[in-house]
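What follows is a single structure, written as structure tokens, with notes after it.
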Amino acid sequence: MIRESQATRAQLDGLMAWWTLAGVDSPVSEDSVNWLKPKRPPSPMALAPASPTGFPHTLDAFHDFLAHAADLPEAGWPGHRVLPAGSRAPRLMILTHAPDPKADGPGTPFDQQGMMLLSRMIRAIGLAPADCYWASMSLIAPASGMIDPPTLERLIARMRHHVGLVAPTSLLLVGDQVNRVLGPTDSLDVTKNLPFVNHSGGIVTAAAVAHPRLMLAQPMAKAGAWQALRDLVKGWGQ
């Protein structure tokens, strides 16, 4: 009888040790639990944490952030914010470093002549300007025309997140300044295609063209822009 009691006690001790090793050493609920049933994965909503960069993780929320946030790098500069606008998940996202001083309205980062020139080029490759997404790294034109390095680093990080949210098929970098910071080149050779630009969601194929101001002042610069656009279109399978 004593041996039987000792054997039972050993079995109980072994069972309790097993549960302790499993991490179940105290009651956590009065309801029964089927420990052998696979745990269901969390819902998709539970798997959507805030962006690790601290920026909003939806495009609508990001637009609201750009429109109203008081702590943007360029928030203290004189002038109004020229907000991005355009098609969602477009074939082409058009990006420059900062809006022209005479730019007005969302999705128009260039002055009237610049917008007209780029719009004609966009139509020539089979797209409507309204089908593209237009944006600038800075929302306000810097007074000197240049952006200081610390501010530029913050704007680059924000723009890489922005491109990831828009998720365009291709990216058109307009002007040497944005070309240098997002896809560095060795010179001012705007005929050189960029293979890709990194963003928060991966990479996107890109091409660089001269700023409209340069193309309007030096018509020969248009030839490089046309070549870059033709090369970009080839990547679309047209």
F62 vs. criteria at pLDDT 95 or above, closer than 24 Å to T169 by Cβ, open to solvent by less than 30 Å² (accessible area, probe 1.4 Å) and within 16 Å of the chain's Cα centre (by Cα): yes
Failed item, numbered, when D100 is tested on (1) at pLDDT below 95; (2) buried (at least 19 other Cβ atoms within 10 Å of the Cβ); (3) not in a loop (DSSP other than H, G, I, E, B): (3)
Region 156-169, residues that are surrounded by fewer than 18 Cβ atoms within 10 Å (Cβ to Cβ) and outside any helix (DSSP H, G or I): A167, T169
Unique residue being free of Cβ contacts under 8 Å to residues at least 12 places away in the same chain and open to solvent by less than 20 Å² (accessible area, probe 1.4 Å) when the list is S119, S144, S136: S119
Qualifying residue in region 84-92 (condition: under 24 Å from E153 (Cβ atoms) and either touching a Gly at 6+ places or on another chain (Cβ under 7 Å) or in a strand (DSSP E or B) (or both)): yes
Index of the failed condition, R213 passing every other in (1) outside any helix (DSSP H, G or I); (2) closer than 23 Å to A103 by Cα; (3) modelled with pLDDT of 90 or more: (1)
A157 being closer than 19 Å to D60 by Cα, out of contact with any Gly (no Cβ under 6 Å at 6 or more places or on another chain) and of a type in the set (A, V, I, L, M): yes
Out of P73, P106, P78, sole residue that is part of a loop (DSSP other than H, G, I, E, B), in contact with a Ser or Thr (Cβ under 6 Å, 6 or more places away or on another chain) and open to solvent by 10 Å² or more (accessible area, probe 1.4 Å): P73
Number of the exception - E153 against (1) of a type outside the set (V, I, T); (2) in a loop (DSSP other than H, G, I, E, B); (3) surrounded by fewer than 17 Cβ atoms within 10 Å (Cβ to Cβ): (2)
Residues satisfying the stated conditions in region 206-234, i.e. open to solvent by 70 Å² or more (accessible area, probe 1.4 Å) and farther than 16 Å from L118 by Cα: K234
Lone unmet requirement of (1) at pLDDT 90 or above; (2) over 19 Å from L83 (Cβ atoms); (3) not polar (S, T, N, Q) for P168: (2)
Which numbered condition A89 fails, given (1) open to solvent by 30 Å² or more (accessible area, probe 1.4 Å); (2) on the phi < 0 side of the Ramachandran plot; (3) hydrophobic (A, V, I, L, M, F, W, C): (2)
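The values are calculated or read from the model by the stated rules, or taken from the named source; none is laboratory data. On a predicted model such as this, the values are computed, not experimentally measured, just so you know. We place every Cβ from the backbone using ideal geometry, glycine too, and count neighbours over all the protein chains shown. Note: accessible area is taken over every heavy atom of the protein model, side chains too, but ligands, DNA and RNA are not part of it. Shrake-Rupley method; radii C 1.70, N 1.55, O 1.52, S 1.80 Å.
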